Amino acid sequence: MNASIEKIKSLLQQTLAELPPSQHHLIDEVFKELSTLSQTLSGSQSDEPQPTIDKTTGCYQFEGNNGFYCPHCFDNQQRKVSTQRINSKLRICTDCRSSLKRLN
Ligand SMILES: [Zn+2]
């Protein structure tokens, strides 16, 4: 997608050369919009919420979400699998059966 934007910019540069200076501000506006668009696009690619490790449980947590998720399933398969609480010190992943303990 960013390659398309680079292509548009290059076409605009050529257009700019053909335009009288009084019209250059229009192209400048388009450049600005393109920069915003390109930032939005690259931002949306990494829009997946990044987990933080919860040291108390050894599980991953995601922003705006109170669940505890298996770090192994997420790291290996990018899947959010809820962990099941066994007791105050132990949780297990319902999918890969990993035991998740408090981190030291
Ligand atoms: Zn798992």
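The values are calculated or read from the model by the stated rules, or taken from the named source; none is laboratory data. Given the structure is predicted, the values throughout are model-derived calculations rather than measurements. Please note: Cβ atoms are built from the backbone with ideal geometry, for glycine as well, and neighbour counts cover all protein chains shown.
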**Prompt:** Checking Phe68 against (1) of a type in the set (Phe, Trp, Tyr); (2) out of contact with any Phe, Trp or Tyr (no Cβ under 7 Å at 6 or more places or on another chain); (3) within 10 Å of the ligand (Cβ to nearest atom), which single condition isn't satisfied?
**Reply:** (3)
**Request:** Would you please name the residue that is farthest from Asn104 (Cα to Cα), looking only at residues in region 71-94 that are away from the ligand (no atom under 15 Å from the Cβ) and without any contact (Cβ under 8 Å) to a residue 12 or more places away in the chain?
**Result:** Asn87
**Complete:** Residue hits (region 73-100; under 19 Å from the mean Cα position of the chain (by Cα) and surrounded by 15 or more Cβ atoms within 10 Å (Cβ to Cβ)) are Cys73, Phe74, Lys80, Val81
**Asked** Just one of the numbered conditions (1) surrounded by 12 or more Cβ atoms within 10 Å (Cβ to Cβ); (2) more than 13 Å from the ligand (Cβ to nearest atom) is not true of Glu33; which one?
**Response** (1)
**Message:** Need a quick list: helices (runs of 4 or more DSSP H) entirely within region 1-88 having at least 3 residues that are at pLDDT below 90.
**Reply:** 2-18, 24-45
**Request:** Taking only region 48-70 into account, find how many residues are among the hydrophobic types (A, V, I, L, M, F, W, C) and buried (at least 21 other Cβ atoms within 10 Å of the Cβ).
**Result:** 3
